[in-house]
Each structure stands twice: as structure tokens, then as C-alpha cells.
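Each reported figure results from applying straightforward, stated rules to the coordinates on display, with no laboratory input. All of these numbers come straight from a predicted model, not from anything done at the bench. Ideal geometry is used to build each Cβ from the backbone, glycine not excepted, and the neighbour counts take in all protein chains shown.
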Amino acid sequence: MTEEAQIVAGDGILDTLGEHLRSAGLDGKVYVISDRQVWSHVGPTLAAGLTERGFAVRTKTIAGGEHRKTLREAETLYTWLAAERAERRDTIVALGGGVIGDLAGFVAATYLRGVALVQVPTTVLAQVDSAIGGKTAVDLPAGKNLVGAFHEARITLIDTRTLDTLPVRDLRAGWAEVLKTTLLFDPPLFERLEGYDAPDVPPDLRREVVARCATWKQQLVREDPKERGPRMLLNLGHTIGHALEAATGYTRYVHGEAVAIGLVGAAWLSATVGGLPSTEADRIETALQRSQLPVRYDEVTPEMVWEAAQADKKVSKSTMRWILLEAIGRPVIRQDVPEAAVHRVLADLQAA
Ligand SMILES: NC(=O)c1ccc[n+]([C@@H]2O[C@H](COP(=O)([O-])OP(=O)(O)OC[C@H]3O[C@@H](n4cnc5c(N)ncnc54)[C@H](O)[C@@H]3O)[C@@H](O)[C@H]2O)c1
Ligand SMILES: [Zn+2]
């Protein structure tokens, strides 16, 4: 990781990117990589703002979706950059959700051994999570995110107004990560949010919340860039969440939905072995339900989820590492959770 990312957050600030590029000393050409859906909503505003500030802008839009996060797609982008004669002093802007951020980020990390990257995330998940922290990746048939590089964005420009056009399923799924962050670090904010269904959160509060969650992530990344210590806390709900995604073949749940179920599992486990009052575990479940997120799983058996959890890369040696809550706002990392307790929670989490 080289320079610290600058996070700029606001509502309706998409057209200010040029100013931020100039003050960061990025004054080469700008190569915007986006997905078609995102581009149709916000691309022209971003590009007009850049052109107005005197930047030469080139754009490449691709079809969206996880199945585009591949080396083949990266190669198409390298070929485009080469044809455009992109140089080391130029900038790649990733405009979109986590898929575009990871793919364009990987291209920026590797093209000419690295060119400047600017993230302009347009999903909740990308704004509070994937566009911060410098992880870039593509998938292989053998697994997700198997090839990648750390390449911190120079600027992450978060315009929460772009969320107005985000499909509600993605909005709510990203909200699971927001609630996760508040459960870990920000009990007063959790309290302000727990009564809302995500799409009903007023724009001012949404902007404040997204900016605060983004800042939390940045702080943890700064303390622990390679995820060996405190950054692991961000995996609250993800042990079961990742296992559910894998067990269901990545088709039944989008990431944030699997995380929502995983958060309920982590809350119950916390109540069983971590000292979290069970009324607090219920509160967490209710908050997720308010945003119409799933809190039980179907399609697979507890055994299948357990198997998938064992196979997950986040399992170190033979012990499973759990992020639990002693209280809302008081996370702990535990490696001594009895298997029987996990089996019980997985069984209870299965929809009746
Ligand atoms: N690098 C990291 O640290 C990190 C962390 C978490 C997740 N990820 C990755 O993020 C990816 C998931 O990201 P995602 O959930 O943002 O999904 P996504 O990028 O696929 O976006 C979801 C959908 O929303 C559409 N969309 C995005 N913004 C929109 C907008 N403003 N208006 C209308 N439509 C919009 C997209 O076209 C897409 O169809 C996964 O590949 C995951 O591996 C990376
Ligand atoms: Zn996540």
C-alpha cells in the first residue's frame, strides 16, 4: 500500500471529482470504467464535471454482474488502455458497485505495474466497504477473489445520491453491512437506525451513516492493512454468511442477505457463549427484519452450511475464529467456541 486514500463523502457531489483530482495532483487523462446500468444513471454527470475541469475523459462500460469479474474482462480493459496509450501518470476511475471496483481496481493495480486509482462507489456495499481498504480482485472458476492485489485508491468519492437509483434489494443488502458496522463500533448510531427499513432512511441521515461507516472501515484498514488483527472484526456475521453463500452456490442470497442471517447467528452465539444478553440478540434480529433482510436460511441443511464454513479460507488451522459481541459496540475475537454451540445455532437458523 502506498498513499492513504482520501475519502470525500456528500450528497450530490459527483460533479466535483475534477477538483479533488487536481488537489491530489492527478492531472493526466481519466479512464472511467463502469457498468452499463450505473453509467446510464450517473455516468454523464461525472464525465461532464471532469470535462468542465479540463480533463480528457475516456470511458469503457461493460455488462455488470459478478461473472464479469474475470481475468478475461481485465484483459479486455488492458487492451483498451493500450489502444488509448494510457500512461503511468493517468488515472483510472472505477464507477460502480463492488464488482466494478474490484475489477477496475485490479486493472489499475497491474496495468503498467500500477496507475492511480479513484473509486466512485455507487452501491451501499461499495460505499461502506469494498471501495475502501485497497483490496482488488478477480474471480477464477476455482473460487471468488483468488487473484488480486492491494492497491489503495488515491481518492474514494462517495456520493450518496447515487443510491437513489440502486435496486432496493441491493440497498437493503448493503444496509446489512451498515448495521454490522454500527453493531461493532457505534451503538448510538445503531439505536438511531434500528427502527428504519433502509429505503426509508432520510437522505441526510443516510449520508451521515454511510460516511461514518466508511470512516470506520478506513480506520481499521489504517491500523491493520493486511487483516491480521482488528480488521478481522469487520467479519462479524461473515463466517456463517460466507458459508451460506458458498453452500447455496452464490445464487440464493446476495452477499448482504447472507451476512444478515450470519449476523443473527453471531448474535445468538454471542448470547450463548459471549455474554450478550438475549434481549440484545433479539434486538439485532428485529433491526435486520425491519429492512426486510432474511434472518433464517432455506434450501440447504445445517450440515451443508457447516461443511462450507470448514472449507472457508477464513478458518485458521483447525480452530474456527468467531467474531462475537459481548455487548452491542463491544466485539471480541474468539477461537474457543464449542462446536456443539455452533451446530445448535445453525440448526435454529434453518427456516422451519
Ligand atoms: N474489495 C473488497 O474489499 C470487497 C469487499 C466486499 C465485497 N467485495 C466485492 O464486491 C462485489 C459486490 O459488490 P456490489 O454488492 O456492490 O455488487 P455489484 O457491483 O454487482 O452491483 C450490484 C448491482 O447494482 C447495480 N448498480 C450499482 N450501482 C447502481 C446505482 N447507483 N444505480 C442503479 N444500479 C446500480 C449494478 O449494475 C449491479 O447490477 C463482489 O464481487 C465482492 O466480492 C469486495
Ligand atoms: Zn461483507
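Annotations
- Test item: Cα-centred dipole of region 6-165, Lys/Arg +1 and Asp/Glu -1 on Cβ, debye: 440
- 0 to 90° range, to nearest 10: angle between helix 278-290 axis and the chain longest Cα axis: 40
- Dipole magnitude for region 1-101: computed about the Cα centre from +1 point charges on Lys and Arg Cβ and -1 point charges on Asp and Glu Cβ, it is near 360 debye.
- Computed per residue of the chain from DSSP H runs no shorter than four, each worth -39500 (n - 2.57), the mean residue ellipticity at 222 nm is -14000 deg cm²/dmol.
- Across G49, G143, G18, mean-square fluctuation computed from a Gaussian network of the chain (C-alpha pairs under 10 Å connected) peaks at G143.
- Scanning the chain for GluC sites (Glu not before Pro) in DSSP loops with at most 16 neighbouring Cβ atoms within 10 Å leaves 88-226 as the longest stretch between them.
- Alpha carbon centroid spacing (whole Å) that separates region 189-217 from region 71-116: 32
- Per-residue Karplus couplings for region 199-210, computed as 6.51 cos²θ - 1.76 cosθ + 1.60 with θ equal to phi - 60°, are listed in order as x, 8, 5, x, x, 5, 5, 4, 4, 4, 5, 4 Hz, Gly and Pro entered as x.
- Most simply put, region 6-165 has about 15% antiparallel DSSP beta bridges, counting only bridges with both residues inside it.
- Computed from Cα atoms, the angle from the helix 339-349 axis to the main principal axis of the chain rounds to 80 degrees.
- Region 59-138: trypsin sites (Lys or Arg not before Pro) in DSSP coil with no more than 13 other Cβ atoms inside 10 Å: R85, R88, R89
- Net charge dipole size for region 174-349 [Lys, Arg +1 and Asp, Glu -1 on Cβ; Debye, nearest 20]: 660
- Folded to 0 to 90 degrees: helix 98-110 orientation relative to the chain principal axis, Cα: 50
- Within a Gaussian network of the chain (alpha carbon springs, distance under 10 Å), most fluctuating of G262, G65, G96: G65
- Dividing the C-alpha radius of gyration of region 174-349 by 2.2 N^0.38 Å, with N its residue count, gives 0.97.
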